[in-house]
Amino acid sequence: MKIIETIGEMQRESDSMRMAGDIISVVPTMGFLHEGHLELMRVAKRHSDKVVMTLFVNPTQFGPAEDFEAYPRDTEGDLEKARSLGVDIVFMPNAIEMYQEGCQTTVRVERITQPLCGLSRPGHFDGVTTVVNKLFNCTKPHLAIFGQKDYQQLAAISRMVMDLNMDIKIIGVPTVREPDGLAMSSRNSYLNPEERQSALCLKKSLDLANKMFQEGTKDARIIKETIESLIKAHPFTRIDYVSLCDPMTLEEIEILKDETLLALAVRVGKTRLIDNCLIR
Ligand code: PAF
């Protein structure tokens with residue numbers, strides 16, 4: 001497995017893989033890899049000849065009061081996991097390499113980045129789409145793999161690729177969960193045992209909403225109120241949003257349709273967790 005730290009070397013490497021006829025996939029990560037990331041690598045391996053994993057904790061997607069400094073890091077462990085999965089290249093630039101002096105371009109996807117996480121994390125998605133664009137330009141992939149747990153991120157990146165006519169296929173991979181249902185996330189490591197227990201309210205909410213819909217409830221307000229009560233009954237929780245929305249536009253809906261996105265963000269203690277599902 002090659003470890004590359006500079007943009008120039010990464011671009012040269014991608015050029016020669018392309019010249020050799022290899023299909024390249026990229027798995028962008030911020031490291032501290034868990035089973036959810038490993039699943040992204042496995043999907044990448046199945047769909048391509050060469051897998052490039054990027055490892056970069058991107059400062060521009062963290063707000064001033066967010067956890068950039070404290071974000072968990074384990075470079076040696078990450079490299080070991082990537083190696084064991086057969087990743088071909090890890091691209092791990094530092095922040096100076098990625099954001100060179102004088103850098104003044106931002107890639108913004110307008111509408112679908114405004115609701116949900118966009119409300120409480122202003123600027124977050126600008127940071128994500130800008131860095132993902134840069135990572136695409138460094139790694140020159142044919143395919144890029146992202147988790148569906150970050151539904152809005154996946155939607156924004158898919159929109160960016162479409163809007164900017166990028167010749168890259170985006171693959172979304174279903175959320176990987178702990179045996180008790182908690183969606184895997186690097187931020188789960190912040191939870192103490194009591195908070196970890198309360199965090200199960202997210203998955204319980206998704207299951208409850210699905211059950212209500214299957215039993216005939218179509219009124220979004222009733223489902224939302226029921227979920228909000230369920231979450232509030234769990235200690236240490238504070239709701240950021242409970243949204244029933246159109247899966248394409250992310251606009252709130254009043255009456256559930258054939259397919260509706262339920263998206264949640266809940267603070268458990270100091271940790272902000274997200275989860276989602278499609279209700280069909
Ligand atoms: O999902 C993440 O880990 C990050 O938002 C990403 C896509 C690697 C961009 O920094």
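The values are calculated or read from the model by the stated rules, or taken from the named source; none is laboratory data. Since this is a predicted model, take the numbers as computed values, not measurements. Here Cβ is always computed from backbone atoms with ideal geometry, including for glycine, and neighbour counts include all displayed protein chains. The accessibility values were calculated without ligands, DNA or RNA, using every heavy atom of the protein model including side chains. Shrake-Rupley method; radii C 1.70, N 1.55, O 1.52, S 1.80 Å.
Quick check on packing: order 57-69, 106-118 by the mean number of other C-beta atoms within 10 Å, highest mean leading.
106-118, 57-69
For the stretch 170-186 and the stretch 88-143, what is the centre-to-centre distance using only Cα atoms, to the nearest Å?
The two parts, judged by their Cα centres, are 22 Å apart.
Points 7 angstrom from Cα along the Cβ direction at LYS218 and GLN100: gap in nanometres?
Label at LYS218, label at GLN100, 5.7 nm between them.
State in Å² the accessible area per residue of the chain; use a 1.4 Å probe, count heavy atoms of protein chains only, and round to the nearest integer.
48 Å²
Under Stokes-Einstein, with the Kirkwood radius over Cα pairs standing in for Rh, what whole-number D in µm²/s applies to the stretch 48-193 at 20 °C and 1.002 mPa s?
In µm²/s, the coefficient is 128.
Testing the spin-label approximation: label points 7 Å from Cα along Cα→Cβ at PHE68 and SER120. State their distance in nm.
Reported label-point gap for PHE68 and SER120 is 2.0 nm.
I'm a student and want to see the number: the projected area of the Cα convex hull of the stretch 128-210, averaged over all directions, in nm².
6.9 nm²
Relative to the first principal axis of the alpha-carbon coordinates of the chain, what is the inclination of helix 220-232, with its axis defined by its Cα atoms, in degrees from 0 to 90 and to the nearest 10?
Helix 220-232 sits roughly 80 degrees off the main axis of the chain.
Could you give log10 I(q)/I(0) at q = 0.08 Å⁻¹ for the chain, computed by the Debye formula over C-alpha point scatterers of equal weight, without solvent?
Summing over Cα pairs of the chain leads to -0.35.
Mind listing the Cα extents of the stretch 57-141 along all three principal axes, in Å, largest one first?
39, 27, 26
Round to the nearest 10 and give me the degree value, 0 to 90, for the angle of helix 75-84's Cα axis relative to the longest principal axis of the chain.
Between helix and principal axis, roughly 80 degrees.
If I compute solvent accessible area with a 1.4 Å probe over the protein chains, what percent of it on the chain is carbon and sulfur?
51 percent
Mind checking the full-extension length gain between ARG280 and GLU5? Use 0.36 nm per residue of separation minus the Cα-Cα distance, one decimal, nm.
Difference between extended and current length: 94.6 nm.
Within the set of other residues whose C-beta is less than 13 Å from the C-beta of ILE171, count the net charge using Lys and Arg as +1 and Asp and Glu as -1.
Local net charge: +3.
Please give the length that would be gained between ASP258 and GLU35 if that part of the chain were fully extended, namely 0.36 nm times their separation in residues minus their C-alpha to C-alpha distance (nm, one decimal).
Once the chain is fully extended between ASP258 and GLU35, it gains 77.2 nm.
Which of these, SER16, SER120, SER243, has the largest mean-square fluctuation under a Gaussian network model of the chain (Cα springs below 10 Å)?
For the chain, modelled as a Gaussian network with Cα springs under 10 Å, the answer is SER16.
Measure up LYS134/LYS224; LYS149/LYS218; LYS45/LYS211; LYS169/LYS218; LYS2/LYS169 against 28 Å on the Cα-Cα distance and list the ones that go over.
Flagged as over cut-off: LYS134/LYS224; LYS45/LYS211; LYS169/LYS218.
With bins 5 Å wide starting at 0, give me the P(r) of the stretch 1-70 over every alpha carbon pair, in whole percents.
Each 5 Å bin holds this share of Cα pairs: 3, 14, 20, 22, 17, 13, 7, 3, 1, 0.
Near SER25, within a Cβ-to-Cβ distance under 12 Å, what is the net charge of the other residues, with Lys and Arg +1 and Asp and Glu -1?
Value of the local net charge: +3.
Residues in the stretch 67-109 near a label at ASP22, defined as backbone nitrogen under 14 Å from the 7 Å Cα→Cβ point?
Counting only backbone N, you get 86-91.
Return the calculated 222 nm mean residue ellipticity for the chain, to the nearest 500 deg cm²/dmol, obtained by summing -39500 (n - 2.57) across DSSP H runs with n ≥ 4 and dividing by the residue count.
-11500 deg cm²/dmol
Any chance you could give the angle, 0 to 90 degrees and rounded to 10, that helix 201-214 forms with the longest Cα principal axis of the chain?
The answer is roughly 60 degrees.
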